[in-house]
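Encoded as structure tokens, the structure appears first; notes follow it.
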Amino acid sequence: MFEPFQKKEDEFFIIEEWNQIDSNVIAGFTTKNGGYSKNEYLSLNCGFHVGDDRNDVQKNRLHLSNKLGFPIEGWVGAEQTHETQIVKVDELQRGKGSIEYESSIKHTDGLYTDKENTLLTLCFADCVPLFFFAPKVIGIAHAGWKGTVNGIAKEMIQKWTSEGISVADIKVVIGPCICKDCYIVDNRVVSQVKQWMDSTSFLPYKEITSGQFQLDLRKLNQIILEKSGILSENISITNYCTSCENSEFFSHRRDQGKTGRMLSFIGLKGERE
Ligand SMILES: [Zn+2]
């Protein structure tokens, strides 16, 4: 099966295909390895909000900044709240949320920009990272089950097309997240998934015992993206599961809530200012 993410260093995977299309684009997903954090955050925790030592998280982020060759001054992070607010990032927001949580963009789960020297970053441990790319525009979204069923993927597409970007030019990668075998939910969740289904839809969930369902969040996001007009051939889906791959990733479910966060990132490198 095609895998959009290639391991580049101990610390991260890269979406190689996009880098080949435009050598200014760098997009990827970090691992939990190669950092400074201790205990349950061992070792490359990128989340400031999970109880880890702030200095360690800063050291981890600076270490990544060096490895990626992307200066921390250009990073942008958001206070993720499992909702569907999406913000277009301009020069004034560069650096927000990069080395402390307090300055991160409030109440936001999706970021996009057409500005160079800007690295959009969001934190993950099981939720679905969605990466978006069209010529000279990049975006990223955080889609747990709530963000997914509330249509953050569709929201991003609508923002882009309202700015004149052709939907046929938008590529999307669905990144490492919890797989259907590891993600069991109840009817409260599945009842909200059904709003996206029609008679022809492949069902992204399966009842395994009474009232307990496996839910495939990747498949559900794929369905929503296709319903929003994204061409099937422009959607790539990872095979990596954050819960199955214990040696590579933190997992909120597997680690019972006390764990670190990986960073999803996408940036346009450009002329240094
Ligand atoms: Zn799994």
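Values quoted throughout were computed directly from the atomic coordinates according to the rules given, and no laboratory measurement underlies them. This structure is a prediction, so every number in the text was calculated from the model and none was measured. Glycine gets a Cβ as well: all are built from the backbone with ideal geometry, and neighbour counts include every protein chain shown.
Computed over the stretch 94-136, the alpha-carbon pair-distance distribution with 5 angstrom bins reads 5, 16, 29, 25, 18, 6, 0, each value a whole percent.
Stokes-Einstein diffusion for the stretch 187-273 at 25 °C, viscosity 0.890 mPa s, with a Kirkwood radius from C-alpha pairs, works out to 153 µm²/s.
Along its three principal directions, the equivalent ellipsoid of the stretch 122-273 from the Cα gyration tensor extends over semi-axes of 27, 21, 11 Å, largest first. Annotation: the residues 54, 61, sorted from fewest to most other C-beta atoms within 10 Å of their own C-beta, follow the order 54, 61.
Is the stretch 14-92 rounded, prolate or oblate when judged by the Cα gyration tensor, a ≥ b ≥ c being the square roots of its eigenvalues, rounded requiring a/c under 1.5 and prolate requiring a/b larger than b/c? In terms of gyration-tensor shape, oblate. Ellipticity at 222 nm from helices only: DSSP H runs of n ≥ 4 in the chain, each -39500 (n - 2.57), divided by the residue count, give -5500 deg cm²/dmol.
Two tests apply to each whole DSSP H helix in the chain, Cα reach of 30 Å or more along its axis and mean Kyte-Doolittle hydropathy of at least -0.5, and none passes both.
For the stretch 197-273, the list of trypsin sites (Lys or Arg not before Pro) that fall in a loop by DSSP and count at most 14 other C-beta atoms within 10 angstrom reads 258, 272.
Taking only the Cα atoms of the stretch 163-236, the ratio Rg/Rh comes out at 1.03, with Rh defined as the Kirkwood radius.
For the options 152, 165, 105, a Gaussian network treatment of the chain with springs between C-alpha atoms closer than 10 Å singles out 165 as fluctuating the most.
In plain terms, the residue of 183, 41 with the fewest other Cβ atoms within 10 Å comes first and the most crowded comes last, giving 183, 41. Counting neighbouring Cβ atoms within 10 Å and putting the fewest first, the residues 109, 216 line up as 216, 109.
For the chain, the relative contact order is 24 percent, taking Cα pairs closer than 8 Å that sit 6 or more residues apart in sequence and dividing their mean separation by the residue count.
Annotation: aspartates and glutamates with alpha-carbon distance below 13 angstrom to residue 136 (same-chain offsets under eight excluded): 22, 114, 116, 163, 169. By the beta carbon rule, with partners counted only under 4.7 Å, the chain holds these lone Cys residues: 46, 123, 127, 177, 182.
Here is the size of the chain from its Cα atoms: Rg then Dmax, 17.5, 59 Å.
Applying the criteria of a DSSP loop state and at most 12 other Cβ atoms within 10 Å to the GluC sites (Glu not before Pro) of the stretch 89-182 yields 102, 163. Here the Gaussian network model covers the chain, with springs between Cα atoms less than 10 Å apart; of 150, 33, 19, 19 fluctuates the most. Only lysines eight or more places from residue 106 in sequence, or on another chain, were considered; those with a Cα closer than 17 Å are 88, 96.
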